[in-house]
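Below: one structure, written as C-alpha cells.
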Amino acid sequence: MTGTPKTNSEARRRWITFGEIIAVAALAVSALGLWNSWRSDDADKPLTPVETKSAIPIAFRGSVEADGKAMIIAPVEQGHSLESLTLSVNGKPPISIGSDGRLAASDIERLVGETAKGKAGSLGARIEARYIEAGTLKRGGGRYRISYRWEDGGLFGGDKLRLTGLNLG
C-alpha cells in the first residue's frame, strides 16, 4: 500500500453528477412555478363572462306582398323566432295570424267595415306574440298601426282594401 491512508471525511466526499444538477434545477423551477401560482390566485378575483346578452323586447316590421293583398309581420331582431301571432282590435274578435306572420288584407277589411270605404287610413291594433329567444319561450307585443288604402275594383269588382304598412304606435 503506497500512499497515505484516506481519512473518514475524504472517503465520503464524492463529485455531484450531471443528472443530480438537472434534478436540483428542476426542483427549483417547480418551486418557482408553485410560488407564482400561489401569488396570483384566481379564486379571489371575480369571474368575468366572455359574452353576455341581455333580453331584447320583441318588435315587429311589416313587409307588403302581392300588391297589398297581404303583409308579412316578422320580428325585427333575427334572434326571435315566432311561435304564434295574434292581432286584436278593441271590440272585435282577435285574428290568429300564426307563426308565418302572414296577415291577409281581407282580415283587415272585415275589421274596418263599410264605413271607411274609399278612404286611405290606418287601424290601431295590439299585436301579441309567443316567440323563442335564446331557447326560451317568451311572450310580448305592443301597439301598432296598420296602414291601408282602398283600390277601385272596376266595373264589376268592387272596392278592395290593400295593406300599405305597419308602424309602431
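The values are calculated or read from the model by the stated rules, or taken from the named source; none is laboratory data. Keep in mind that this is a model prediction, so the values were computed, not measured. Cβ placement follows ideal geometry from the backbone for every residue including glycine, while neighbour counts extend to all protein chains displayed.
Working only within the stretch 20-60, note down all residues that are of a type in the set (D, E, K, R) and modelled with pLDDT under 85. Before the answer, list the steps.
Of all residues in the stretch 20-60, those of a type in the set (D, E, K, R) come to 20, 39, 41-42, 44-45, 51, 53.
Hits for the stretch 20-60 are R39, D41, D42, D44, K45, E51, K53.
Taking the criterion of being at positive phi, surrounded by 12 or more Cβ atoms within 10 Å (Cβ to Cβ), out of contact with any His (no Cβ under 9 Å at 6 or more places or on another chain) and modelled with pLDDT under 85, would at least one residue in the stretch 71-79 satisfy it? Spell out how you get there, then give the answer.
First pass over the stretch 71-79, keeping only residues at positive phi: none.
Scanning the stretch 71-79 turns up no residue that is at positive phi, surrounded by 12 or more Cβ atoms within 10 Å (Cβ to Cβ), out of contact with any His (no Cβ under 9 Å at 6 or more places or on another chain) and modelled with pLDDT under 85.
Here's a check for you: in the stretch 58-105, which residue that is among the charged types (D, E, K, R) and out of contact with any Phe, Trp or Tyr (no Cβ under 7 Å at 6 or more places or on another chain) is nearest to G169 (Cα to Cα)?
Top of the filtered list is R61.
Can you pull out the residues in the stretch 138-165 that are farther than 21 Å from S63 by Cβ and at pLDDT 85 or above? Step through it out loud before you land on a result.
Of the residues in the stretch 138-165, the ones farther than 21 Å from S63 by Cβ are 138-139, 152-159.
Across the stretch 138-165, the qualifying residues are K138, R139.
Which condition from (1) in a loop (DSSP other than H, G, I, E, B); (2) modelled with pLDDT of 75 or more is the one that L87 breaks?
The single condition L87 does not satisfy is (1).
Does the stretch 128-140 include one or more residues that are touching a residue at least 12 places away in the same chain (Cβ under 8 Å), over 24 Å from the mean Cα position of the chain (by Cα) and crowded, with 16+ Cβ neighbours inside 10 Å? Quick ask: steps written out before the conclusion?
Here is the first cut: in the stretch 128-140, the ones touching a residue at least 12 places away in the same chain (Cβ under 8 Å) are 128-134, 137-138, 140.
Next, only the ones that are over 24 Å from the mean Cα position of the chain (by Cα) stay: none.
No, that holds for no residue.
State whether the residues of the stretch 100-119 include one that is more than 19 Å from R162 (Cα to Cα), modelled with pLDDT of 80 or more and outside any helix (DSSP H, G or I).
Taking the stretch 100-119 and keeping what is more than 19 Å from R162 (Cα to Cα), we get 100.
Adding the requirement that they be modelled with pLDDT of 80 or more leaves 100.
Next, from what is left, pick out any that are outside any helix (DSSP H, G or I): 100.
Checked against the condition, which is being more than 19 Å from R162 (Cα to Cα), modelled with pLDDT of 80 or more and outside any helix (DSSP H, G or I), the stretch 100-119 yields at least one hit.
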